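Participant: Sending over a structure as structure tokens; questions will come in a sec.
The values are calculated or read from the model by the stated rules, or taken from the named source; none is laboratory data. If you're wondering where the values come from, they're calculated on a predicted model, not measured in any experiment. So basically every Cβ, Gly included, is an ideal-geometry build from the backbone, and we count neighbours across all protein chains shown. For accessibility, only protein heavy atoms count, side chains too; no ligands or nucleic acids. Shrake-Rupley method; radii C 1.70, N 1.55, O 1.52, S 1.80 Å.
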Amino acid sequence: MTTRYTVQVEETDSDIKALHSNAYLLQIAKAVSSGGKPEFNVVYASKLLAPNMNVQWSTIYGLNWATEIPAQGATVSYSGKWKQCNLGDSYTLTQDGVWAVAQENANAKDSALNVASNDYAVAVHVLVGVQDPNTKAWTPIWVGKNKLLKGSHGEYEPIETVNIWYQQGDQTATMISNQATSVQAYDMPQHPVYFSYDATKGKWRTPQDNTFNFP
């Protein structure tokens with residue numbers, strides 16, 4: 001069953017003014033683990049400044065691939081087509097560069113998007129993305145820095161932990177290059193969580209489950 005997660009950011013008038021003076025936008029990144037600690041390397045969403053900003057995503061995950069990893073700050077491009085992949089499912093990247101269901105995969109993890117084998121002609125970087133349930137558009141959230149070698153398998157586990165910060169420009173679907181403000185990391189539960197940045201103190205207020213009720 002698909003689960004929806006919601007980040008709700010609320011700011012005071014003075015905080016919005018300070019952030020706006022630097023042309024900052026809200027940035028959110030999501031984590032994926034591939035045999036190690038959760039990693040953030042792609043901006044999932046950028047939002048224009050407003051007193052109330054809402055970012056939602058559903059657990060509709062997919063796989064794609066690229067032959068080259070983008071540079072920091074560059075837009076993520078991909079060579080294949082997105083393939084929806086439920087947690088625990090396994091796919092093989094065929095010699096034609098398309099995803100095919102893998103009937104057997106001894107390395108598969110129930111909590112991961114599994115690639116049983118890379119049968120393409122060359123090693124590839126695996127991409128994990130999230131699909132918008134309304135528009136059906138895919139947004140990359142993570143790029144494997146290490147290439148999946150020909151004949152190798154990989155397990156990619158989306159982690160519902162987010163990094164939230166402010167910086168200039170629409171960074172959606174770009175490789176993280178820098179983070180202008182301090183970063184708020186949070187393990188997201190299955191209910192909305194409220195966040196707020198104190199521009200005077202230069203740090204995030206403690207996240208909470210209810211509105212901040214700013215005047």
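Participant: Any idea which of 67, 6 is touching a residue at least 12 places away in the same chain (Cβ under 8 Å), open to solvent by 40 Å² or more (accessible area, probe 1.4 Å) and either touching a strand residue (DSSP E or B) at 6+ places or on another chain (Cβ under 9 Å) or of a type in the set (Val, Ile, Thr) (or both)?
Facilitator: None of the other options fit; the residue is 67.
Participant: Under 6 Å between Cβ atoms, at least 6 apart or on separate chains: pull out the pairs that start in segment 99-120 with a residue that is farther than 13 Å from residue 84 by Cα and open to solvent by 20 Å² or more (accessible area, probe 1.4 Å) and end on any residue that is among the hydroxyl-bearing types (Ser, Thr, Tyr) and at pLDDT below 95.
Facilitator: none
Participant: What number goes with the only condition from (1) open to solvent by 10 Å² or more (accessible area, probe 1.4 Å); (2) within 30 Å of residue 194 (Cβ to Cβ) that residue 75 does not pass?
Facilitator: (2)
Participant: Looking only at segment 188-203, decide whether some residue is in contact with a Phe, Trp or Tyr (Cβ under 9 Å, 6 or more places away or on another chain), under 13 Å from residue 30 (Cα atoms) and part of a strand (DSSP E or B).
Facilitator: no
Participant: Quick one: is residue 182 in contact with a Lys or Arg (Cβ under 6 Å, 6 or more places away or on another chain), surrounded by 19 or more Cβ atoms within 10 Å (Cβ to Cβ), modelled with pLDDT of 95 or more and over 30 Å from residue 93 (Cα atoms)? Spell out how you get there, then give the answer.
Facilitator: Values: in contact with a Lys or Arg (Cβ under 6 Å, 6 or more places away or on another chain): yes; surrounded by 19 or more Cβ atoms within 10 Å (Cβ to Cβ): no; modelled with pLDDT of 95 or more: yes; over 30 Å from residue 93 (Cα atoms): yes.
For residue 182, the condition - in contact with a Lys or Arg (Cβ under 6 Å, 6 or more places away or on another chain), surrounded by 19 or more Cβ atoms within 10 Å (Cβ to Cβ), modelled with pLDDT of 95 or more and over 30 Å from residue 93 (Cα atoms) - is not met.
Participant: Pick from 37, 17: which is assigned to a loop (DSSP other than H, G, I, E, B) and either without any contact (Cβ under 8 Å) to a residue 12 or more places away in the chain or open to solvent by 30 Å² or more (accessible area, probe 1.4 Å) (or both)?
Facilitator: It is 37.
Participant: Out of the residues in segment 83-98 meeting the condition of being open to solvent by less than 20 Å² (accessible area, probe 1.4 Å) and assigned to a strand (DSSP E or B), tell me which one is nearest to residue 110 (Cα to Cα).
Facilitator: Going through the qualifying residues, I end up with 90.
Participant: Quick one: which of 122, 128 is under 23 Å from residue 69 (Cβ atoms) and either within 22 Å of the chain's Cα centre (by Cα) or not in a loop (DSSP other than H, G, I, E, B) (or both)? Break it down stepwise before answering.
Facilitator: Values: 122 fails: either within 22 Å of the chain's Cα centre (by Cα) or not in a loop (DSSP other than H, G, I, E, B) (or both).
Testing whether each residue is under 23 Å from residue 69 (Cβ atoms) and either within 22 Å of the chain's Cα centre (by Cα) or not in a loop (DSSP other than H, G, I, E, B) (or both) leaves just 128.
Participant: Right, another one. Take the conditions within 17 Å of residue 87 (Cα to Cα), surrounded by 15 or more Cβ atoms within 10 Å (Cβ to Cβ) and among the polar types (S, T, N, Q) and apply them to residue 161. Does it pass?
Facilitator: Working: within 17 Å of residue 87 (Cα to Cα): yes; surrounded by 15 or more Cβ atoms within 10 Å (Cβ to Cβ): yes; among the polar types (S, T, N, Q): yes.
Taking the combined requirement at face value, the residue satisfies it.
Participant: Related question: Output the qualifying pairs, or none if there are none: Cβ atoms under 8 angstrom, residues six or more apart or on different chains, first residue in segment 121-139 and on the phi > 0 side of the Ramachandran plot, second residue in a loop (DSSP other than H, G, I, E, B) and small (Gly, Ala, Ser).
Facilitator: none
Participant: Here is a further query. I'm trying to understand the selection: among the residues of segment 40-60, which are open to solvent by less than 10 Å² (accessible area, probe 1.4 Å) and closer than 17 Å to residue 127 by Cβ?
Facilitator: Passing the criteria: 41, 42, 43, 57.
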